[in-house]
Amino acid sequence: MTSFEEVNLTCLRRWDPDLVLALGCLDTAADVRVQPARKGGLTLAKSGRFVHSRYDPIKEAISVVGATTDGAEPGDAALHIHFGFGLGFFAEADAPPSATPMLVFEPETDFVRAALRHRDLRRLTDQGRCHLCLDLKRLRLLLRRHLTKGVRKLSLVFSPYHRQQFPQLLTEFLELIKSERNRLGVVQQAERTLFRDFMTATLQAFPLWSRAPGAERLVNHYRGLPAVIAVAGPSLERNLADLTPFRDRVLVFALARTARALERYGIEPHFLVHTEAEDYRHLIDTCTHLTRTIFLLSEQCHHQMHSVPHQATYIYQNPTNLVSRWLADRQPKLRHLPLPTAGSVATEAFSLATLFGCDPVILIGQDLANSGKRHYAASHYNPAFAFTANDRRSTRGYFGGKVDTFAHYLHFRDWYGEALESYRARSPARAFFNATEGGAHLPGFDRCKLREALIREAVSAETIRNRLDRLPALDPSEAVTAAERASVIGEIRQRLDRIRRGVRAFTAFRNEVAGSASRLERQPDWRREVVQKLIRFNRHFGEWQNELPFLGAFLPEDLQVEAADRPASTEPDLIRELTELAHLFGALDQALDSLTPIVAELDRAMEEGS
């Protein structure tokens, strides 16, 4: 082992042990050679082609990085992403500030091995500043971690050798970055517009969903049975006539938006999946074909969905829901199936069918494309949503060519591709079909005509009904008792009361300081006391958000990051600091005003239902 290997591996074992495992031994193929550069230092070649300049690789790297046009403003938070590592010269020339991460994709594992054997890379790898990725899957995970709303720009650097030698990987690299940026935008938009509604709906529906069994009881319960997921895209109804003769020979998953269309074709869905915080009961409240349907409801769907007559309810949970996570941490009986989702009910139905063991899983009506003025089937019940020109995109169509679509639809499409990659890795023989016959191309799905798939895959009606009639029962010992429900809601109420007292204490403190501002300069002891109290209130603000993480959903969006990341000053500009903190505490007071009546209504609902 060379001295470079030893120091580099010691550093990597601390900061990136997964990379060390992926690299294995550091021996390289015979056609990968490290040799002296003509102007000094080292260069790298593979099969006679130089990865870096044979003359002066450092100068080349400085030139390539310097030519990167980023339009950055001073102080902009940037994420540095490289296509190609080689011996590390481009990464070293980029040299972002210490707090700025760098992601480097290197498809040639031998290049990384050669770099670790022949160069001291601790400047890059120490403190985990430079993250090396040997495949796009790891790059995707790192983008999810580091491409956040605090990042204002991307700085991309391309190794000339890699650009020439890996054109297909370059295309996939750029598509991945584009996909993750689109995902971030869609998620941020959802947080701005829906996050508070989902937290509110989760609390309001708590007396209902906390009584129901979890959907985890149905995992693998329908193993081997075919499933058709009826999504509300504009093309849905042209497939329903083909589904009708097989309606009892496959499991049919419906959404609230598709229930009426199915009813018109005499199709009784076996499952109805719903997650919306908005009241969608009007879409199904007059339906007469749902009495034997099993409702699969997320904990954050509107409470009125529970009141529609149906056979049984099973609850699943959104992994990002701060309310249900907090409740489950305090009462484990409230922890239910955490469902992979892109944020759409169709992707949730797909995840449920897959986790239930269905095979094959067939999509119909999943257009994910714009069809004139219609975004949904049965448009008289499902009016088109509002959008702007900034929301519009184009993508590859089901039959090739390009189709019009939207940013959030592309997010759903990309999620399907990622989910299928995971599911196929675990069950290679499992079949997933897109029988939409229109709209956007969905990566990973086999295309087919619905009728042909049903002729081949449908089972007997008796097989379907026998499995449906054997629903797993809820063990009474696993049921959440009235006392346990009251306990967790009581804890929310107590914490709200404590925070309210803290807000009042701050208000009294602020008024005291404002009324005697002149003393701050004349009386050092008084100033020190004010500083210490400011530090304590800063600390309390962070502690309260840790106590009730979903409290942040009720703060104005522009204050959420500031409040969560707010530092505690040691010697602040007191008047400015007091003014800023008063702004935050005022917003916190409004958040408490929003949450307190919801919790009070919960108390009343649980008393009536106990």
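At-a-glance table
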| quantity | calculated |
| --- | --- |
| CD proxy at 222 nm, helix term only [per DSSP H run n ≥ 4: -39500 (n - 2.57); per residue of the chain; nearest 500] | -15000 deg cm²/dmol |
| Relative pair counts by distance (%), Cα atoms of the chain, 20 Å bins | 17, 40, 34, 9, 0 |
| Other-chain or far-sequence residues with amide H under 5 Å of Cys133's (modelled H) | Val104, Phe105, Glu106 |
| Computed over segment 302-349: relative contact order in percent, which uses C-alpha pairs under 8 Å that are six or more apart | 31 |
| Coarse-grained scattering of segment 321-363 at q = 0.18, 0.26, 0.28 Å⁻¹, given as base-10 log I(q)/I(0) from a Debye sum over alpha-carbon atoms | -0.62, -0.88, -0.93 |
| Relative contact order for segment 253-375, counting Cα pairs under 8 Å that sit 6 or more residues apart, in percent | 18 |
| Extension gain (nm, one decimal) between Thr148 and Asp446, 0.36 nm per residue minus Cα-Cα | 103.9 nm |
| For segment 225-279 and segment 93-135, distance of Cα centres in Å | 50 |
| Under-5 Å amide H pairs with Leu251, H placed in peptide plane, nonlocal only | Ala227, Val228 |
| Over the chain, relative contact order from alpha-carbon pairs under 8 Å, at least 6 apart, % | 12 |
| Loop sites in segment 186-289: trypsin sites (Lys or Arg not before Pro), DSSP, at most 12 other Cβ within 10 Å | Arg223 |
| Difference of contour (0.36 nm per residue) and Cα-Cα distance, Thr193 to Arg456 | 90.3 nm |
| Residue-wise HN-Hα coupling along segment 34-50, computed from phi with Karplus coefficients 6.51, -1.76, 1.60 (Hz; x: Gly, Pro) | 9, 9, x, 7, 5, 9, x, x, 10, 9, 9, 9, 10, 6, x, 9, 7 |
| Förster radius 22 Å - calculated FRET efficiency between Lys137 and Gln164, Cβ distance, rounded to 0.05 | 0.40 |
| Per-pair calculated FRET efficiency, R0 = 56 Å: Thr10 and Trp526 via Cβ, rounded to 0.05 | 0.60 |
| Residue-by-residue Karplus 3J(HN,Hα) for segment 227-234, coefficients 6.51, -1.76, 1.60, Hz, glycine and proline x | 10, 10, 9, 8, 9, 8, x, x |
| Segment 304-352: trypsin sites (Lys or Arg not before Pro) in DSSP loop, at most 15 other beta carbons within 10 Å | Arg335 |
| Pair Lys59, Thr481: separation of 7 Å Cα→Cβ label points (nm) | 8.1 |
| Dimensionless Rg over Rh [segment 417-499; C-alpha; Kirkwood] | 1.26 |
| Rough spin-label spacing in nm, given labels placed 7 Å along Cα→Cβ, for Thr171 and Asp603 | 6.3 |
| Additional length obtainable on full extension of the chain from Gln304 to Arg426, 0.36 nm per residue less Cα span | 40.2 nm |
| Heavy-atom accessible surface of the chain: percent carbon and sulfur, 1.4 Å | 50 |
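The values are calculated or read from the model by the stated rules, or taken from the named source; none is laboratory data. These figures come from a predicted structure and were not determined experimentally. We place every Cβ from the backbone using ideal geometry, glycine too, and count neighbours over all the protein chains shown. What goes into the accessible areas is simple: the full protein's heavy atoms, side chains included, and nothing from ligands, DNA or RNA. Shrake-Rupley method; radii C 1.70, N 1.55, O 1.52, S 1.80 Å.
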